[in-house]
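All of the numbers you see were taken from the coordinates with simple rules; none came from a lab. Keep in mind that what you see is a predicted model, and the values were worked out from it rather than measured. We place every Cβ from the backbone using ideal geometry, glycine too, and count neighbours over all the protein chains shown.
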Amino acid sequence: MHSTQPPKIVLASSSPYRQSIFKKFALPFTAFSPAIDESRQEHERATDMVERLALEKAMAGMPLFDNALIIGSDQVCVIDEEVLGKPHEREVAIEQLKRASGKQVTFYTGIALINSDTGEHQSDVEPFHVDFRELSEQEIIRYIDKELPLDCAGSFKCEGLGIALFNAMHGRDPNTLVGLPLIRLREMLEKEGIDVI
């Protein structure tokens with residue numbers, strides 16, 4: 001039985017960054033924290049992992065919300081084909097930025113949208129590339145101590161002081177770098193009959 005009410009929009013994320021990005025759409029939404037295992041499977045490619053986790057996060061909301069469009073998102077940072085997660089510790093963050101210095105780093109963000117009434121889903125992966133400038137150890141330490149980016153994949157916040165670490169950025173949508181590709185999400189919402197504008 002389908003509701004005649006428009007579906008609720010639910011963001012399967014406790015990330016304050018993703019919630020603040022989604023607010024750009026000026027659509028009412030609810031957020032919840034999906035409890036899923038985020039570990040990488042053996043031999044899993046980074047792109048497959050973020051798409052799978054985005055979908056699993058969205059699916060975690062299926063039993064909780066009727067008549068809802070549930071959005072899941074997940075992101076990894078890749079340097080030299082190695083996946084870097086969130087550093088959580090200052091020493092790990094320093095090491096990550098030392099590795100990124102002078103290199104191009106790729107971020108893959110998985111995005112998924114599930115209709116909780118029909119079970120239909122859409123999912124995709126958006127890449128975004130960042131060229132880091134050559135960084136001295138002093139710059140890296142000063143940056144980490146100022147911004148404490150310990151909960152961010154790659155150890156920086158591009159929406160803050162992290163922008164000073166880069167030479168260039170390449171991608172379809174700068175929001176992808178913060179963890180929620182809004183251009184792709186708008187396309188998904190429109191397929192479900194939600195007009196952002």
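Each part reduced to its alpha carbon centroid, segment 108-141 and segment 44-66 end up 14 Å apart. Under the criterion of Cα pairs below 8 Å and six or more residues apart, the relative contact order for segment 104-197 equals 29 percent.
Please find the FRET efficiency linking Asp151 to Glu187, where r is the Cβ-Cβ separation and R0 is fixed at 30 Å, and quote it to the nearest 0.05.
The computed FRET efficiency comes out at 0.60.
Two numbers describe the Cα atoms of segment 129-197: Rg and Dmax, which are 15.6, 51 Å.
Using the Karplus relation 6.51 cos²θ - 1.76 cosθ + 1.60 with θ = phi - 60°, the per-residue 3J(HN,Hα) values for segment 45-60 come to 6, 4, 5, 5, 5, 5, 5, 4, 5, 4, 5, 5, 5, 5, 5, 4 Hz, with x marking Gly and Pro.
Here is the tail figure for segment 2-138: Cα pairs spaced more than 26 Å apart come to 32 percent of all pairs. Only the Cβ atoms of Lys and Arg (+1) and of Asp and Glu (-1) were treated as charged; on that basis the dipole of the chain about its Cα centre amounts to roughly 580 debye.
Once the chain from Ser101 to Val83 is taken as fully extended at 0.36 nm per residue, the excess over their C-alpha distance is 4.9 nm.
Treating each Cα of segment 53-125 as an identical point scatterer and summing with the Debye formula, the log10 of I(q)/I(0) at q = 0.20 Å⁻¹ comes to -0.79. A straight Cα-to-Cα reach below 20 Å connects Lys191 with the aspartates and glutamates Glu51, Asp66, Asp117, Glu120, Asp124, Glu126, Asp173, residues fewer than 8 places away in its own chain not being considered. Assuming R0 = 25 Å, what is the FRET efficiency of Ser14 and Arg142, from their Cβ-Cβ distance, to the nearest 0.05? Computed FRET efficiency for Ser14 and Arg142 comes out at 0.30.
Hey, could you grab the Kirkwood Rh for segment 104-157? Inverse mean 1/r over distinct alpha carbon pairs, Å, one decimal.
The answer is 14.1 Å.
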